[in-house]
Amino acid sequence: MALSSPDPAAVVKANLDAFFGLTGKIFEGAEKLAALNLQAVRSTLAEAQENMTKAPGTTDPLQWFALQSGLTGPFAENSLSYGRQVFDIASTTQAELTQFAQAQYERHNARVQAFVEEAAKNAPAGSEAAIAAWKSATSATSTLYETLQKTGQQAVQAAESNFNSVAATASKTARRAEQAPVAAGTKG
């Protein structure tokens, strides 16, 4: 009995669907990032215009200093917010790509398992060791893939945790820096 092979047209269609599905996910992430960048430029220009209109009316050096120091806090907060949104877009896109890759891997693994099972049924006597080795290799590959996937997820979680920690520290530092010059100016 001969081993069955998949229909070439079905394989090509599945591969094209996979390619365009993957490409679609990547472009969705790129679109979100482009929209975020446009939004950041718009808000930066609006804030710059607002701040520039305040500057000519400032005659007292303490007012000028307070105006300058008042700009650093919002800038730092906006920068942190932008970084958070970029990280969220990247994380979401990465999660979607991982989910897509997992589905592709599971389909491929099922085909390999079916092939090995069919080969085992049709194998000549004495080939049990070779079939067992093949099954063992397939199992080891599955275990490796799962380990790599878990490691990747842990790396993303660690990066997010580190980002949150750095963002919180930077935000506190920016608030302190914003308040310090004003407080120093009122003491003198």
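General observations
- Residue within the stretch 49-63 that is in a loop (DSSP other than H, G, I, E, B), of a type in the set (Ser, Thr, Tyr) and exposed (fewer than 14 other Cβ atoms within 10 Å of the Cβ) present: yes
- Residues satisfying the stated conditions in the stretch 122-155, i.e. outside any helix (DSSP H, G or I) and either at pLDDT below 85 or of a type in the set (Gly, Ala, Ser) (or both): Ala123, Ala125, Gly126, Ser127
- Looking across Ser136, Ser142, Ser161, Ser165, one residue alone is within 34 Å of the chain's Cα centre (by Cα) and under 30 Å from Phe19 (Cβ atoms). It is Ser142.
- Residue match in the stretch 3-11 (condition: surrounded by 14 or more Cβ atoms within 10 Å (Cβ to Cβ), free of Cβ contacts under 8 Å to residues at least 60 places away in the same chain, assigned to a helix (DSSP H, G or I) and over 23 Å from the mean Cα position of the chain (by Cα)): no
- Qualifying residue in the stretch 32-39 (condition: under 30 Å from Gln113 (Cβ atoms) and among the polar types (S, T, N, Q)): no
- Yes/no for Asn78 being under 24 Å from the mean Cα position of the chain (by Cα) and in a helix (DSSP H, G or I): yes
- From Ala158, Ala184, residue being aliphatic (A, V, I, L, M), modelled with pLDDT under 75, in a helix (DSSP H, G or I) and surrounded by fewer than 13 Cβ atoms within 10 Å (Cβ to Cβ): Ala184
- Some residue of the stretch 75-87 being at pLDDT below 85 and in contact with a helix residue (DSSP H, G or I) (Cβ under 6 Å, 6 or more places away or on another chain): yes
- Residues of the stretch 85-100 that are among the acidic types (Asp, Glu) and surrounded by fewer than 16 Cβ atoms within 10 Å (Cβ to Cβ): Asp88 alone.
- Residues within the stretch 118-138 that are within 24 Å of Asn15 (Cα to Cα) and either among the β-branched types (Val, Ile, Thr) or exposed (fewer than 12 other Cβ atoms within 10 Å of the Cβ) (or both), tallied: 1
- Residue in the stretch 56-79 that is under 29 Å from Glu31 (Cα atoms) and polar (S, T, N, Q) present: yes
- From the options Thr72, Thr93, residue that is among the β-branched types (Val, Ile, Thr), closer than 26 Å to Thr173 by Cα and in a helix (DSSP H, G or I): Thr72
- Some residue of the stretch 111-119 being farther than 29 Å from Gln153 by Cα, modelled with pLDDT under 85 and part of a loop (DSSP other than H, G, I, E, B): no
- For the stretch 50-68, the criterion of a residue being closer than 30 Å to Lys150 by Cβ and not aromatic (Phe, Trp, Tyr) is satisfied by no position.
The values are calculated or read from the model by the stated rules, or taken from the named source; none is laboratory data. Since the model is a prediction, treat every value here as computed from it, not as a measurement. Note that each Cβ is placed from the backbone with ideal geometry, even for glycine, and that neighbours are counted across all protein chains shown.
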